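**Q** Please find one structure pasted underneath; my questions will follow.
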2 protein chains.
Amino acid sequence: MQFELTKEFIDDIKATIEAGDEITAKETLEELHAVDIAEIYDELNIDEAKFLYMLLDGEMAADVIAELDEDDRERFLKALPGEIIARQFIDKMDSDDAADVIGDLDEKKQEEVLSHIEDIEQAGDIVDLMAYDEDTAGGLMAKELIKVNENWTLTTCLREMRKQVENVDEVYYVYVVDNDRILKGTVSLKKMLLSDNKNKIKDIVNADVISVKTETSSDEVASIMEKYDLVALPVIDSLGRLLGRITIDDVVDVIKEEAEKDYQMASGISEDVEPTDNIWILTRARIPWLLIGLLGGVLVANVIGVFEIDLGTFPEMIFFIPLIAAMGGNVGVQSSAIIVQGLANNTLGFESMFKKLIKELGVAGINGFLLSALIFVYNIFTSDSLALTVTVSAALFSVIIFASVFGTFIPLLLNKIRIDPALATGPFITTLNDIMGLFIYLMIGRILFTVF
Amino acid sequence: MQFELTKEFIDDIKATIEAGDEITAKETLEELHAVDIAEIYDELNIDEAKFLYMLLDGEMAADVIAELDEDDRERFLKALPGEIIARQFIDKMDSDDAADVIGDLDEKKQEEVLSHIEDIEQAGDIVDLMAYDEDTAGGLMAKELIKVNENWTLTTCLREMRKQVENVDEVYYVYVVDNDRILKGTVSLKKMLLSDNKNKIKDIVNADVISVKTETSSDEVASIMEKYDLVALPVIDSLGRLLGRITIDDVVDVIKEEAEKDYQMASGISEDVEPTDNIWILTRARIPWLLIGLLGGVLVANVIGVFEIDLGTFPEMIFFIPLIAAMGGNVGVQSSAIIVQGLANNTLGFESMFKKLIKELGVAGINGFLLSALIFVYNIFTSDSLALTVTVSAALFSVIIFASVFGTFIPLLLNKIRIDPALATGPFITTLNDIMGLFIYLMIGRILFTVF
């Protein structure tokens, strides 16, 4: 029932294509969904993909194009004339997919494709949608929906729905508008099934409908749909007129990307990359953070340079430089990750920043005490120098406290001044903690080695 | 239209509750959705929450309970007798929510609640659902759905749907079964609206329906619904009989948690925590990785100890110890994060492990060359020692190559032997790279300082 793409399957289909065996290829494709075929396309070269494409019927071909990766689609459409793109694909797509596909083409090609769309109304819808920023509700919505007038009876409503439903893949909700096209609410299938046919829509409308404006950010759209468990969300203009609807399948991608973006930033990857991207893209995504790390390393080298004489006198201190730096980094990353996820999920609660820091101090205090005690016991047994033993434990405790507070405070601060707090996690906070951590360690060392 | 919880709102409502002003409180609640009220409950103490709860009508009270955090719900239900829980909440809930709520109670309370459910069939459904592991399709599904027989006419079908729809919140799909309750497909609302009432369901059924078995893992359920853009997914038993359906709102949580779990592991947090959790839980989630980091630091200290004499002779090498360690860590985390996300999203492609490593070597080669060249130029200008300059650059290049390969190989290997590859990212890989990186650095230093 579900399809799992395997290496063997790809090898088989490549062999079929090479043999030019249209019948076998067609049989294979017939059992698959558009998204499966799009996955297969990813693994083929352009000629192989074209061979398969010629075997698909119109509707399916359009669906496959809509499901393709942006890069693959661009590569594929570049080779086709605008008229073919318009007639074979765009005419059969939902307006939101069509706007996305056309939006990815270069400007000249865009005009060419738009001029060949037969249905003027559809072309208008697509141009409307292309005007919205892709990270807003306008950029996510489709124009296709079922819309009934509040003054209709249920009978009229059913008749009109029959006409409208031709263009809509999934109904989900039936939207109710007034004579000025202003969104008034929804009618559920349940209510329609249970009501008398002579009832007016007005009498069974559920006015308690959540909607967003075209300029609402896609993050906010995602969090509203997630919070209220919505499958579709109507989009209105500033007058309250119904313009389109956003369906959950498009928003699942936004939710997932958002969660993944935080992870990528924490790992020091500055753009959305996949293992299959080319070497150049992978390098570009990774070098910015590595440069920051390198700069941090040079600064740390200079901090150590300031303490060169101390280290010459008490060389045992050198052994624990990496431990102090690493622990500062680890604690800082933990602290900031908890805050970044809390901010993303809106689970921070309403404690003041001060209270949050106090709590973090509590956690840091327990962790710091435990870890310092452990390393104290270790050093008592392995080192002759009491000064070293005390220095390492005191510094470790201080560094854990510092890194916790710092890792909590920085993302909260960034969030307050409206910079993405995920920036604070990963290499940035690790590097700053390295510098401060070693400075604390070497300062404590200088003092304690003089005392003992 | 949407509600945003603010500190002011909470203060207001607390004041209203303290004044015992039921009318104002009721007015406030009436404008809100169940999930909003659940959010408010999170901020109140148990007495304040009870005051509000008494003002809600039955249906709403049940919805709020279903939306509450597990902890809050447990705290709240503990105070109520089983009969009240059954009559006031469970009777009004969907079977999946009811099974979750009852499943969280202790065993004695579970029996007490179950014995007070009036509808024997519903009690049976709940007990059935409670038997499934919560991380499987069985654990995610609800029993409520619309089911029609393939031999019915459209007219019969509509009449039967009217009866069934009473218990179903959202319809989404109408499922078609045969006389043995075996799932045969779906009929869309679209088809029903466009077909003649005398048609049999058999004639308009869409047999191409994707389903899962009760034991399918929730991760797989999520990836199927995401891939095929499904809003609801039917669940069948091993004979193919329709048992229930999973709706997208429950799966969005699974998708999000999965993406967040990888981030948490990469940040060294070993269980799912929120900033509002107590100090003990937050500490417990963080200490395991810190212990590993501490152990790594001790090992690094021993590695450095082996080179104590070299460092005494060439003390400039000390300055760059943190830089080498940090860069190894950063590169390793980047490499493993790309692989972990690729594995999670199934975007790794079908290149062999060998090819992936070769590609990673390419990226590492470019990054390594650039960064080594930069630090070379820096050292030429700031250091008198050519040996140091060459050592740092050669070691940095080697460490970047090693950390890349290691960061790519370990998660791929873990995945192959079916251990969660996310384990490899974060503190674990950082620590191992620290140790190996410093060993490489100090070895190269020993050789080059002898040569120059």
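Readers should treat all values here as calculations from the given coordinates under stated rules, not as data from a laboratory. It should be emphasised that the depicted structure is a prediction, and the values quoted were computed from it without experimental measurement. Because the Cβ atoms are built from the backbone with ideal geometry, glycine has one as well, and the counts that use them run over all protein chains shown.
**Q** What are the distances, in nm and sorted shortest first, from the label point of A:GLY365 to the label points of the same position in each other copy, with each label point placed 7 Å from Cα along the Cα-to-Cβ direction?
**A** From this label point to the equivalent ones elsewhere in the assembly: 5.5 nm.
**Q** For the range A:253-365, what is Rg from Cα atoms divided by 2.2 N^0.38 Å, rounded to two decimals? Don't jump to the answer; show the numbers that get you there.
**A** Working: Rg = 19.0 Å, N = 113, 2.2 N^0.38 = 13.3 Å.
That ratio works out to 1.43.
**Q** If we hang a label 7 Å off Cα along the beta carbon direction at B:GLN88, how far is it from the matching labels on the other copies, in nm, shortest first?
**A** Taking the point 7 Å beyond Cα along Cα→Cβ, the inter-copy spacings are 6.5 nm.
**Q** How far, in nm to one decimal, is B:LEU32 from itself in the other copies if the label point is set 7 angstrom along Cα toward Cβ? Shortest first, please.
**A** Nearest first, the other copies' label points are 5.1 nm away.
**Q** To the nearest 10 degrees, how steeply does helix A:218-227 sit against the main Cα axis of chain A, on a 0 to 90 scale?
**A** Taking the Cα atoms of chain A, the angle to A:218-227 is about 90 degrees.
**Q** Still on this structure: Once you charge only the Cβ atoms, +1 for Lys and Arg and -1 for Asp and Glu, what is the size of the charge dipole of the protein assembly as shown about its Cα centre, to the nearest 20 debye? Before the final figure, lay out the partial values.
**A** Numbers: 74 positive and 160 negative charges, 456 e Å.
Approximately 2180 debye in magnitude.
**Q** Find how much the distance from B:ILE46 to B:SER195 grows on full extension, using 0.36 nm per residue of separation minus their present alpha carbon separation; answer in nm with one decimal.
**A** Details: separation 149, 0.36 × 149 = 53.64 nm, distance 5.45 nm.
Length gained, B:ILE46 through B:SER195: 48.2 nm.
**Q** Okay, next question. For the range B:201-329, count the residues as N, evaluate 2.2 N^0.38 Å, and divide the Cα radius of gyration by that value, please. Mind dumping the intermediate values first?
**A** Values: Rg = 25.9 Å, N = 129, 2.2 N^0.38 = 13.9 Å.
Taking the Cα Rg and dividing by 2.2 N^0.38 Å, one obtains 1.86.
**Q** How many Cβ atoms of partner chains, on average, are near each residue of B:358-371 if near means within 10 Å of its Cβ?
**A** Working: counts 0, 6, 3, 1, 5, 11, 4, 2, 7, 6, 1, 0, 5, 6.
Mean shielding by partner chains, rounded to a whole number: 4.
**Q** Take every DSSP beta bridge with both residues inside chain B and express the antiparallel ones as a percent of the total, to the nearest 5. Write out the running numbers ahead of the final one.
**A** Details: 14 of 20 bridges.
That works out to approximately 70 percent antiparallel.
**Q** Summing +1 for each Lys or Arg and -1 for each Asp or Glu, what net charge is found among the other residues whose Cβ lies under 14 Å from the Cβ of A:SER336?
**A** Working: positive: A:LYS356, B:ARG286; negative: A:ASP262, A:GLU360, A:ASP420.
Its environment carries a net charge of -1.
**Q** Using only the alpha-carbon atoms of chain B as identical scatterers, what base-10 log of I(q)/I(0) does the Debye formula give at q = 0.07, 0.12 Å⁻¹?
**A** Results for chain B at q = 0.07, 0.12 Å⁻¹ read -0.57, -1.08.
**Q** Evaluate the charge dipole of the range A:146-247 about its Cα centre and quote only its size in Debye, nearest 20, assuming +1 on the Cβ of each Lys and Arg and -1 on the Cβ of each Asp and Glu. All intermediate terms of the calculation are to be shown ahead of the outcome.
**A** Numbers: 15 positive and 16 negative charges, 107 e Å.
About 520 debye.
**Q** Just the C-alpha atoms of the range B:14-99: what Rg/Rh do they give, with Rh taken as the Kirkwood radius?
**A** Numbers: Rg = 12.4 Å, Rh = 13.1 Å.
Rounded to two decimals, Rg/Rh equals 0.94.
**Q** Charges on Cβ only, +1 for Lys and Arg, -1 for Asp and Glu, centred on the Cα centroid of the protein assembly as shown; of A:VAL399, B:ALA424, A:VAL64, which one is farthest towards the dipole's positive end?
**A** Towards the positive end, the residue furthest out is A:VAL399.
**Q** Using only the Cα atoms, what convex hull volume per residue in Å³ does the range B:146-247 have?
**A** Values: hull volume 9.7 nm³, N = 102.
Hull volume over Cα atoms, normalised by residue count, gives 95 Å³.
**Q** With just the Cα atoms defining each centre, how far is the range B:252-271 from the range B:147-171? Give it in Å.
**A** 40
**Q** Quickly estimate the mean residue ellipticity at 222 nm for chain B, helices only: each DSSP H run with n ≥ 4 gives -39500 (n - 2.57), and the total goes over all residues, rounded to 500.
**A** Value at 222 nm, helices only: -20000 deg cm²/dmol.
**Q** Using alpha carbon centroids, what distance separates the range A:1-36 and the range A:41-76, in Å?
**A** 13
**Q** Stick to the Cα atoms of the protein assembly as shown, pair each with every other, and give me the Kirkwood hydrodynamic radius in Å at one decimal. Spell out each step's value before the answer.
**A** Working: mean 1/r = 0.0325 Å⁻¹.
Mean inverse Cα-Cα distance, inverted, gives 30.8 Å.
**Q** Which whole number gives the average, over all residues in A:308-320, of C-beta atoms from other chains lying within 10 Å of the residue C-beta?
**A** On the way: counts 4, 0, 0, 4, 3, 0, 0, 6, 4, 1, 11, 12, 5.
Neighbouring Cβ atoms belonging to other protein chains average 4 per residue here.
**Q** Here's something else I'd like to know. A:ILE84 to A:ASN346: extension gain in nm, 0.36 nm per residue of separation minus the Cα-Cα distance?
**A** Values: separation 262, 0.36 × 262 = 94.32 nm, distance 4.70 nm.
Gain on extension, A:ILE84 to A:ASN346, equals 89.6 nm.
**Q** Relative contact order for chain A: what percent, with Cα pairs under 8 Å and sequence separation of 6 or more? Write down the numbers at each step before the final one.
**A** Working: 582 pairs, mean separation 47.8, N = 452.
That works out to 11 percent.
**Q** Among DSSP beta bridges lying fully in the protein assembly as shown, give the percent that are antiparallel, nearest 5.
**A** Numbers: 28 of 40 bridges.
Of those bridges, close to 70 percent are antiparallel.
**Q** Same structure again: What nm distance separates the two modelled labels at A:ALA131 and B:LEU386, each placed 7 Å from Cα along Cα→Cβ?
**A** The answer from the label model is 6.9 nm.
**Q** With 21 Å as the limit, write out which pairs from A:LYS184/B:LYS163; B:LYS50/B:LYS78; A:LYS227/A:LYS256; A:LYS191/B:LYS26 have Cα-Cα distances beyond it, or answer none. It would help to have the intermediate numbers written out before the result.
**A** On the way: A:LYS184/B:LYS163 28 Å; B:LYS50/B:LYS78 13 Å; A:LYS227/A:LYS256 15 Å; A:LYS191/B:LYS26 27 Å.
Exceeds cut-off: A:LYS184/B:LYS163; A:LYS191/B:LYS26.
**Q** Cross-link partners among lysines for A:LYS416, C-alpha distance below 21 Å, same-chain residues fewer than 8 apart left out?
**A** Reachable lysines: A:LYS261, A:LYS355, A:LYS356, A:LYS359, B:LYS7.
**Q** Mind listing P(r) for the range A:279-451? All alpha-carbon pairs, 5 Å bins, whole percents.
**A** 1, 9, 16, 18, 17, 14, 11, 7, 5, 2, 0
**Q** Here is a further query. Does anyone have the angle between helix B:321-345 and the longest principal axis of chain B? Alpha-carbon axes, 0 to 90°, nearest 10?
**A** Around 30 degrees separate the two axes.
**Q** Now for a different question. Putting +1 on Lys and Arg Cβ atoms and -1 on Asp and Glu Cβ atoms, find which of B:PHE369, B:GLN110, B:TYR263 reaches farthest to the positive end of the dipole of the protein assembly as shown.
**A** It is B:PHE369, whose Cα lies furthest towards the positive end.
**Q** Now a separate question. Output the direction-averaged projected area (hull surface divided by four) of the convex hull of the alpha-carbon atoms of the range A:85-222, in nm². Intermediate values should be presented prior to the final figure.
**A** Numbers: hull surface 36.5 nm².
Averaged projected area of the range A:85-222's Cα convex hull equals 9.1 nm².
**Q** Let me ask something else. So if I take the centroid of the Cα atoms in the range B:101-119 and the same for the range B:334-369, what is the distance between those two points in Å?
**A** 50
**Q** Around B:PHE314, with a cut-off of 15 angstrom between Cβ atoms, what is the net charge of the other residues, counting Lys and Arg +1 and Asp and Glu -1? Write out the running numbers ahead of the final one.
**A** Numbers: positive: B:ARG446; negative: A:GLU308, B:GLU308, B:ASP310, B:GLU316, B:ASP384.
Net of charged neighbours comes to -4.
**Q** Take peptide B:255-264, look around each residue's Cβ out to 10 angstrom, count Cβ atoms belonging to other protein chains, and average those counts. Present the calculation step by step, with values, prior to reporting the outcome.
**A** Numbers: counts 5, 9, 1, 2, 9, 8, 2, 4, 15, 6.
If you average over the peptide's residues, the count of other-chain Cβ atoms is 6.
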